[in-house]
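Taking it in order: structure first as structure tokens, then the write-up.
The values are calculated or read from the model by the stated rules, or taken from the named source; none is laboratory data. Just so we're clear, the structure is a prediction, and the values are computed from it rather than from any experiment. Please note: Cβ atoms are built from the backbone with ideal geometry, for glycine as well, and neighbour counts cover all protein chains shown.
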Amino acid sequence: MTAPLDVLVVGAGPTGLALAAQLRAYGARFRIIDRSLDRVRESRALAIQPRTLEALAGFGVTDELVARGNPAMRLRLHLPRRVVALRLFDIGLTDTAYPFLLFLSQAETERVLSEYLAARDVTIERGTELVRLEATDSSVDCRLRHDDGSQEAVQARYVVGCDGAHSTVRNQSGIGFGGYAYPQTFLLADLEVDGLEPDSVHSYMSGAGMVFFFPLGAPAGWRMLAMRPPDALGAEVDLPSLQEIADRCTDERLTLRDPVWMTDFRLHNRGAARYRFGPCFLAGDAAHIHSPAGGQGMNTGIQDALNLGWKLALTCRGAAPEELLATYEAERAPVGHSVRRFTDRAFTIATSGNPVFRVGRTHIAPRLAPLALRAAKIRGRLFRTVSELGIHYRRSPASTAGSRPPRDGPRAGDRLPDLPRGLQARTAAPGWHLLLSGPPALWPDERLSPALEGRVGLVSVHRLGGQSPWPGVVQGLVRPDGYLGYVARGAGLDGLRAYLDRWLPVGRR
Ligand SMILES: Cc1cc2nc3c(=O)[nH]c(=O)nc-3n(C[C@H](O)[C@H](O)[C@H](O)COP(=O)(O)OP(=O)(O)OC[C@H]3O[C@@H](n4cnc5c(N)ncnc54)[C@H](O)[C@@H]3O)c2cc1C
């Protein structure tokens, strides 16, 4: 058996890749394995949310994702007698550099993340499957099976199951995965469509059914998503059957051609009973699966990973206490739960055969939805939820408001907004960032050094002057994942010191 690792990452889907990127940035000793020989080539998840783009910007990959994707700004609702065009994401999203939903195939997202890792000498060990694990108090004994049939014993301090819906890590840890399957079957195809206006999401709602078209670009121009008619259950998914559905829902306005991927699938709504069992953690689809309504699945997984990676790395380095790891479940399980609830509601309204929902969908919603979506306040709230910019950890044990927290601006547990623009880029380097607003002369080095002593290289200081998200004299400590751990008003540093002593104690390294 080789020397113990800090972390074994099981699964190189988007969640495992993002976790590996963060572990690499924080210098952890880790391996990343995947049982499949190749990465995903199918489009699967096709939408990247603004918060994910922000979070990945720290690795320098967001510009490439944006360059490859399609930032669709319009939703066109095709109603029985008219088309309503709505601009997406243009209200209430002034505090992000990415106020749009980026359409990009999951295959491309995985490619960009894989190339990022390869450029940093991280090898994704493909054809390597985790077959068994046994957790002790301080580490995990793992058995890996290689593609050539050979087996290997590996010991790791922590194992993270980024191994999808059928997670081996979850099963071996005995963690339940409760929930239910939806009765409907869905059809999905990546293909070309004649008759659609480009650069918009198209939704056709009628008594004959519903069909969506999303702008994709690669591997085909469009993703089509439709509910399978009950009379066609079990039938083969082919171009004629998809064309028939499109004809029914769009009054024969569209021509489908050149499919590159067609499939049918059923959806589940399930969640892991726990995100952690001793030294084993779950992230991404291993922890939660739900309908694709709102494009949340892959995004939630990537953000799970970016919540966990730095915590593991700093704990392994001895720079943070074990207690920090408990905040992963405390912060991310409520997010997973609310995504499951939100996607379930959206899905039920969109697909239910119940006559009340059906009338609502085909008669009431077409009239009310455009009005509601034109109301800036409703739209702003809806898009903050969908964009995942509204996620916060205010109730986390690692979020502390100082004695006189500011009334305006972000609070402890909130994401650091990109306001003034460029603030997120300033705080993107690995580590913690102390933001000090008010006159820079208030914050001389000699005043700060007692609080920061012994944490050089872990906490960077930024004197913001008036270019701050808060008015007046405020201290804000930004965690490595871009959320504020500590916010206080005034120049006193005792609260900051107490926070750092708890979460980054000196002398542990
Ligand atoms: C048909 C389809 C359409 C979808 N559409 C959307 C969409 O429109 N929007 C959206 O947000 N999401 C969508 N999803 C869901 C999205 O693809 C997932 O949320 C996302 O892939 C989750 O990423 P993950 O890394 O957590 O897990 P996965 O992508 O499932 O990756 C898990 C990895 O673990 C590996 N693995 C599993 N077990 C082991 C083991 N024992 N040892 C080693 N490796 C192992 C697997 O080979 C795999 O590569 C779709 C999924 C499917 C199947």
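Every test in (1) buried (at least 18 other Cβ atoms within 10 Å of the Cβ); (2) more than 13 Å from the ligand (Cβ to nearest atom); (3) among the charged types (D, E, K, R); (4) part of a loop (DSSP other than H, G, I, E, B) is passed by Arg157 save one, and that test is (4).
Okay, residues lined up against (1) modelled with pLDDT of 95 or more; (2) within 18 Å of Gly336 (Cα to Cα); (3) away from the ligand (no atom under 11 Å from the Cβ):
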site: Glu236; (1), (2), (3): no, no, yes
site: Cys249; (1), (2), (3): no, no, yes
site: Leu267; (1), (2), (3): no, yes, no
site: Ala287; (1), (2), (3): yes, yes, no
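You will find that of Ile302, Ile289, the residue that is surrounded by 20 or more Cβ atoms within 10 Å (Cβ to Cβ) and touching a His at 6+ places or on another chain (Cβ under 7 Å) is Ile289 and no other.
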